[in-house]
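Structure record follows, encoded as structure tokens.
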Amino acid sequence: MSESYTLIQNGLIIDGTGSDPFLGDVLLSGQRIVDVGIEASASCPEGAVVNHIDASGCRVLPGMIDSHCHISFDHPNSNDELFFHRREGLAALVAGVNAQKVLRAGFTSFFDADSVFDVAIDLRDAIEGGVLQGPRMTSGGNVLINCVGGTAARLLPDEGTRGYARIVHTPDQIISEIHKQIKAGVDWIKVHVSGLPIRPGKHKGEICTWTLDELKLVCDTAHQFGIPVVGHCRDSTSTRDAAAAGFDMILHATYMDDEALTAVVDHKVPLVPTFTFQANLADFGAAIGSDESLREVFRAEITDSVNTLRAAFDAGVPLLTGSESGFSLTPCGDWHYRELQIFVEDLGMSPLQAINSATEQGARALRMEGELGCIKPNYLADILIFDGEPETHVAQLGDADRFRHIIKDGQLVDTSTPLPKQWHLPGWRVSEYSEKILTKELVQSMGLNL
């Protein structure tokens, strides 16, 4: 049986490298791009079966990559809900639907940083095995954390596992857990390098909760097996030490001082700022009842960090786009594009530079540099045919109706079969008696009789 080809014609190509768009065709065969350019059709063998896609008036760009997701969480409103109201089998089923929402948003790949149970690992294997349609993905397991780290304070136990977190304290525990996760099939080892202090308010923001020697041990152990290491770092010390220890990617990297910036630049550690969560809370928190002071804190994390992140970018440090989709503030399928918009509006990137961060640079999170994230010969055929001008208006990428076709591995993605928008599962969401405490004073202030 002869090999079939697909020829995407007459589109304006945004190749993902940051270069200016150009008019041309794209020839696909199997999972790969065969040729790109005005004469691409000449690479098709004589007599071959060719499917034609007319992209006139559209942009042809690589499938985008979200380099920071939490596909197994299903939009919790709190750590309480995430830690105590998730069941493994149900989490896997729900994650399969949410993964399809990510794909239909034009993000044909994503990195799942950490997971409840082993849901993300199993989902990755199910997608790769053809059980269900979804983006290509890489996955971490449970994040390595000590009980004074993280953002969950006293919800974390002194030892064991809770939610997405595996508590480790000693070198032996660190090595043993890394070995177990590699055996389970993780693509990355994640460490919660910084976390909220035990007494919030006594220290501004997060603090580093690991020693440099402990971080080096993580890297030495994981790298022995060819597994990269990623860190959650939201203060200067954690970012500096993660870079010095040999981390392969850093999430957030906010509040860097000069020492942290120098370490990141010296080691050229890719950074994933992940500002979408903060921006959504700051800009739209009023719609969901968030406290105004909290909204100001989250906006400040962006404004206080953009200069050092921009300096890192100007010094050649790769910046990747990640949305932290999976929480109630960042539901899967809705906000993945917004990190590109933030890169343009707050970091001062051009739209084409932001697209590069979401495509060619994002391939680093998938561990597929040189074969994913660009419209080039021999690259994987993850392609978007988009009715818009994202090279000048990058926020248009958030309009799903503009995607004329989404292609993953050379195959058209089904975007017509409806997916459920929400679900009601017993015990899945935290229910509250009330939002306020019913004091007599409150009743009297409302003019009600006691």
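The values are calculated or read from the model by the stated rules, or taken from the named source; none is laboratory data. What you see is a predicted model; the values in this text were computed from it and never measured. Don't worry about glycine lacking a Cβ; one is built from the backbone with ideal geometry, like all the others, and counts go over all protein chains shown.
The listed residues are Thr254, Thr276, Thr239, Thr262, and the only one of them that is surrounded by fewer than 18 Cβ atoms within 10 Å (Cβ to Cβ) and among the hydroxyl-bearing types (Ser, Thr, Tyr) turns out to be Thr262.
Every listed requirement among (1) in a helix (DSSP H, G or I); (2) surrounded by fewer than 16 Cβ atoms within 10 Å (Cβ to Cβ); (3) of a type in the set (A, V, I, L, M, F, W, C) is met by Leu82 save one, (2). Before we move on, is Arg402 at pLDDT 95 or above, on the phi > 0 side of the Ramachandran plot and surrounded by 13 or more Cβ atoms within 10 Å (Cβ to Cβ)? Criteria not met by Arg402. Being among the basic types (Lys, Arg) and modelled with pLDDT under 95 is a property that Arg154 has. Of the residues Ser67, Ser78, the single one that is at pLDDT below 95 and either of a type in the set (S, T, N, Q) or assigned by TED's automatic domain parsing to the domain that holds Gly398 (or both) is Ser78.
When the criteria are applied in full, Gly149 meets the requirement of being closer than 18 Å to Asp213 by Cα and crowded, with 20+ Cβ neighbours inside 10 Å. Determine whether Thr221 is of a type outside the set (A, V, I, L, M, F, W, C), in contact with a helix residue (DSSP H, G or I) (Cβ under 8 Å, 6 or more places away or on another chain) and surrounded by fewer than 24 Cβ atoms within 10 Å (Cβ to Cβ). Taking the combined requirement at face value, the residue satisfies it.
Whether any residue in the stretch 311-318 is farther than 20 Å from Gly106 by Cβ, among the β-branched types (Val, Ile, Thr), buried (at least 21 other Cβ atoms within 10 Å of the Cβ) and at pLDDT 95 or above is what I want to check. Within the stretch 311-318 (the criterion being farther than 20 Å from Gly106 by Cβ, among the β-branched types (Val, Ile, Thr), buried (at least 21 other Cβ atoms within 10 Å of the Cβ) and at pLDDT 95 or above), the answer is yes, since at least one residue qualifies.
Table: residues versus (1) touching a Pro at 6+ places or on another chain (Cβ under 7 Å); (2) assigned to a strand (DSSP E or B); (3) of a type in the set (D, E, K, R).
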| position | (1), (2), (3) |
| --- | --- |
| Val26 | no, yes, no |
| Ile33 | yes, yes, no |
| Asn51 | no, yes, no |
| Gly57 | no, no, no |
| His68 | no, yes, no |
| Leu93 | no, no, no |
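Only a single criterion out of (1) of a type outside the set (A, V, I, L, M); (2) modelled with pLDDT of 95 or more; (3) under 21 Å from the mean Cα position of the chain (by Cα); (4) over 25 Å from Leu271 (Cβ atoms) is not satisfied by Arg367, namely (4).
Based on this model, can you work out whether Ala126 counts as farther than 19 Å from Val229 by Cα, modelled with pLDDT under 95 and within 21 Å of the chain's Cα centre (by Cα)? It is false that Ala126 is farther than 19 Å from Val229 by Cα, modelled with pLDDT under 95 and within 21 Å of the chain's Cα centre (by Cα). Would you check if there is a residue in the stretch 111-125 being assigned to a loop (DSSP other than H, G, I, E, B), on the phi > 0 side of the Ramachandran plot and not hydroxyl-bearing (Ser, Thr, Tyr)? Within the stretch 111-125, one or more residues are assigned to a loop (DSSP other than H, G, I, E, B), on the phi > 0 side of the Ramachandran plot and not hydroxyl-bearing (Ser, Thr, Tyr).
For Ala286, the test of being surrounded by fewer than 18 Cβ atoms within 10 Å (Cβ to Cβ) and in a helix (DSSP H, G or I) is passed. For the stretch 1-45: of the residues being acidic (Asp, Glu) and under 19 Å from Lys408 (Cα atoms), which is surrounded by the fewest Cβ atoms within 10 Å (Cβ to Cβ)? Restricting to residues being acidic (Asp, Glu) and under 19 Å from Lys408 (Cα atoms), the top hit is Glu3. Residue count for the stretch 126-148 under the criterion of being in contact (Cβ under 8 Å) with a residue 24 or more places away in the chain and in a loop (DSSP other than H, G, I, E, B): the result is 9.
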